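Since every read-out is calculated from the coordinates, none of them should be taken as a lab result. Only a predicted model underlies this, so the values are computations on that prediction, with no experimental measurement involved. Note: ideal-geometry Cβ built from the backbone for every residue, glycine included; neighbour counts use all protein chains shown.
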Amino acid sequence: MKILWFTWKDRAHPLSGGAEVVNEEIAKRLVRDGHEVIFLVGGFKGCLPEEKIDGYRVVRLGNRWSVYWKAYRYYRKNLRSWANLAIDEVNTLPFFCKFYVKEKNILFIHQLCREIWFYEMPFPLNVLGYVIEPIYLWLLSDIKVITVSESTKKDLARYGFKPDNVAIISEGIEIEPVPNLESAQKYENPTILALGSVRAMKRTSHIVKAFEVAKASTPNLELVIAGDANGRYGAKILTHIKNSRYASSVKYLGKVSKEKKIELMQKSHIIAAAAVKEGWGLTVTEAASQGTAAVIYNADGLCDSVKNGKTGIMCETNTPKNLAENIIKLLKNKEEYERLQKNGWEWSKEINFENSYRQFMEKING
């Protein structure tokens, strides 16, 4: 097959995340099996306009907002009738391939963004985004969709997508699970890990506040934050940490390498996740593979990446206080911790890109 993949950012983009890892791990396997893949994505400062990576092509056009128009023009000029399949990835906004790509096309949606607009965009753009999302979803609701979680499938059903038209594929993780849990040596002091970009929709402030609550009753507790903290929200969090009475027990590492990320996941005792919404809590699954249990908010995506009470703990209420209570409770119960740790580690072995790719091929050929 020849596959043309429209998405606003690729893995090299400074704002890339779990979705881009999934996309390009699937693309790498498509090329391995003899297929051709071209990504049309937005550019960024200092990027190459075109690049070949692991056998697939990445064509970078315009920027975050102009890529939608420029991808349309590039397709019309250079790639019309080239593909057997076009993938319109909805990551905040769709490319509306339905209206100009005559080849077979499908939607790929990791998560919907409706609530996120109010966390990530200023007024009036947040209101505009909130209002238009149901409209464009309705316009696209007759197209087949691939997604990565039951949460997103339920979300799509609310906007008119027929359940039979929405297929779920497994997520995958790019790191190998530890061979045994004994090899995951923990820090001397109990440590909470907050992993990922420091953004409003990730609610990093909730994790910091939960740490402060838990620290009051667990004096040797420590917090490690690893992720890019650029922007106003990131600056606000760093100021809060600096002024915290527990500042000496908080380490902010910025964006870390893959090797450092693995080290942190192995050595920390708990990964905390408090996002408003995710496609899937990928860092939660990655941490489980390295022997670290999770305490999470009950939010779309996160609730898919944890089997509550079996592989981790999901909060009863999405508040720093309840997050802190569950962290304290888990740290105090060694037997329960080891049970969740083992179950999460075992489950993580099933969540790999070979399964993801196999399911993807079944869906696009079905």
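Taking H placed 1.01 Å from N in the peptide plane, check which residues at least 5 places from Asn91 or on another chain put their amide H under 5 Å from its amide H.
Amide H neighbours of Asn91, under 5 Å, 5+ apart: Trp8.
Working from the pairwise distances between different alpha carbons, so that the mean of 1/r is found and then inverted, what is the chain's Kirkwood radius in Å? Before the final figure, lay out the partial values.
Working: mean 1/r = 0.0469 Å⁻¹.
It is 21.3 Å.
Would you mind ranking Ile241, Ile143 so that the residue whose beta carbon has the fewest other beta carbons within 10 Å leads the list? Don't skip to the end; give the middle numbers.
Values: Ile241 21, Ile143 15.
Ascending Cβ contact count within 10 Å gives the list Ile143, Ile241.
Quick one: what do you get for segment 200-240 if you divide its Cα Rg by 2.2 N^0.38 Å?
On the way: Rg = 11.1 Å, N = 41, 2.2 N^0.38 = 9.0 Å.
So segment 200-240 has a normalised radius of gyration of 1.23.
Could you list Arg203, Arg32 so that the one with the fewest beta carbons within 10 Å of its beta carbon is first and the one with the most is last? Provide the component values of the computation, followed by the final result.
Numbers: Arg203 22, Arg32 11.
If I rank by nearby Cβ atoms, fewest first, I get Arg32, Arg203.
Please state the charge dipole magnitude for the chain, taken about the Cα centre, from unit charges on C-beta atoms (+1 on K and R, -1 on D and E), reported in debye and rounded to the nearest 20. If you can, show how the numbers build up before the last one.
Numbers: 53 positive and 42 negative charges, 216 e Å.
My answer is approximately 1040 debye.
Quick one: compute a quarter of the convex hull surface over the Cα atoms of segment 181-348 and quote it in nm².
Numbers: hull surface 34.1 nm².
Computed as one quarter of the Cα hull surface, the answer is 8.5 nm².
So, with +1 on the Cβ of K and R and -1 on the Cβ of D and E, and no other charges, what is the size of the charge dipole of segment 1-45 about its Cα centre, to the nearest 20 debye?
Values: 7 positive and 6 negative charges, 16 e Å.
The dipole magnitude comes to about 80 debye.
Given the Cα-Cα distance of Glu346 and Tyr100 and 0.36 nm per residue of separation, how much length would full extension add, in nm?
Numbers: separation 246, 0.36 × 246 = 88.56 nm, distance 4.49 nm.
Full extension of this stretch gives 84.1 nm more.
Once Lys and Arg get +1 and Asp and Glu get -1 on their Cβ, which of Trp69, Tyr187, His110 lies farthest toward the positive end of the dipole of the chain?
Value computed over the given set: Trp69.
Positive end of the charge dipole of the chain (Lys, Arg +1 and Asp, Glu -1 on Cβ, about the Cα centre): tell me which of Gly234, Ile296, Asn326 has its Cα farthest that way.
Gly234
If neighbour count is taken as other Cβ atoms inside 10 Å, put Arg11, Arg199, Arg339 in order from fewest to most.
Ordered by Cβ neighbours within 10 Å, fewest first: Arg339, Arg11, Arg199.
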